Amino acid sequence: MANEWISQKQVDQYWEEGYTIIRGVFKQHEMDALAAAIDRWKFFGKVLGRTWRRQNTQLWIDPQKDGDCIVRGLQWPSYHDAIFDQIRKDYRFLKILEPLIGDSAKQIINQVHWKQPGSKVTWALHRDVRSRTPRQGYRDLAHSYVQTGLAVDPHRKENGAMQIVPGSHLDLPMEPDAHPNFFNPEYEDDPRKIDVVMNPGDVALWGPFTIHGGGYNTTIGMDRRLYINGYVKAENCDWGEWAFRNGDPVELGNEQQFIHFEQINDIPHGFYPDEQNLSAPIHD
């Protein structure tokens, strides 16, 4: 049932088109604080110079030939940064999720993606279902998993807005094994494809079978930062961290839970994955 944070029209659009956008969920001052937190992590990444991981937390960094580097993504900052943690379990997310997957949800995605001006790298069109592994840990994905993207900056075509193909979740059976390819270039010229245009504080929702991807930031001075949190109906997911239990937010515990990184308990300290031939997928 819809509520004050998500209308019945938006609930219906999510199920019928595979996505919806909710405007003005968070205030500008909240996005300013989040942007400042992201910039602190970006500075840390610049100091590190290349991809770095500590358990579930990872900074995804592309070294450049001139000795500089581009910080492209950040996984699970919420273990170490209260601003990210506060937003991921905010009651507004709970109310948005309730009509879709209920009031008890685990979280398997907690990421920041940012495209710097002039970025020439993006994430091709794909379905998230291919990343939901190990398979036995997820059940009834089509009705149990919701991905959310919170716009930190103006989210426009020119600075690399996410692209989405409405209705694409219905093109094939909503079963994981019916989608053998991770990338789906055949949708590049699909007439349904749109740019997800948002203002800071807006939240986009999409499902695991919905085709989506990133654009290119062709601007001179406008970042495109997106805070992504993926939630799963708790009873249908064996992995991840709790976000909400029976309508209440759940704090992160002292022991991190398995999400993607299989060696989470074997390597508790920070390290550079390229030195140990270890990596984990980053979404978008």
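For ASP153, enumerate residues with amide H under 5 Å from its amide H, sequence gap 5+ or separate chain, H modeled in the peptide plane.
ARG225
Using a Debye calculation, one point per C-alpha and no hydration shell, please list log10 I(q)/I(0) for segment 81-127 at q = 0.20, 0.22 Å⁻¹ in order.
Scattering profile of segment 81-127, log10 relative to I(0): -0.86, -0.91.
Considering the Cα positions of the chain, please state its Rg to one decimal place and its Dmax as a whole number of Å.
17.8, 54
Taking the radius of gyration and the Kirkwood hydrodynamic radius from Cα positions alone, what is the Rg/Rh ratio for segment 178-284, to two decimal places?
0.99
In nm, what is the difference between 0.36 nm times the number of residues separating ARG245 and ARG50 and their Cα-Cα distance?
66.5 nm
To the nearest 500 deg cm²/dmol, what mean residue ellipticity at 222 nm is calculated for the chain from DSSP H runs of n ≥ 4 alone, each contributing -39,500 (n - 2.57), summed and divided by the residues?
The helix-only estimate for the chain comes to -6000 deg cm²/dmol at 222 nm.
Report the full-extension gain for the segment ASP12 to SER131: residue separation times 0.36 nm, less the Cα-Cα distance, to one decimal in nm.
Details: separation 119, 0.36 × 119 = 42.84 nm, distance 2.54 nm.
Between ASP12 and SER131, full extension yields 40.3 nm more.
Where does segment 144-195 land on the Kirkwood hydrodynamic radius, alpha-carbon pairs, in angstrom?
13.3 Å is the Kirkwood radius here.
Return the long-range amide H neighbours of ILE228 (sequence gap of 5 or more, or a different chain), with a cut-off of under 5 Å between placed amide H atoms.
Amide H neighbours of ILE228, under 5 Å, 5+ apart: GLN111, VAL112, HIS113, LEU150.
Are there trypsin sites (Lys or Arg not before Pro) in segment 91-126 that DSSP marks as loop and that have at most 16 other Cβ atoms within 10 Å, and which are they?
LYS120
Considering amide H positions built from the backbone, and no H for Pro or chain starts, which residues 5 or more places from THR218, or on another chain, come under 5 Å of its amide H?
GLY118, ASN159, GLY160
Read-outs: derived from the displayed coordinates by stated rules, not from any lab. All values derive from a computational prediction rather than experimental measurement. Heads up, the Cβs are rebuilt from the backbone with ideal geometry, glycines too, and the neighbour counts pull from every protein chain shown.
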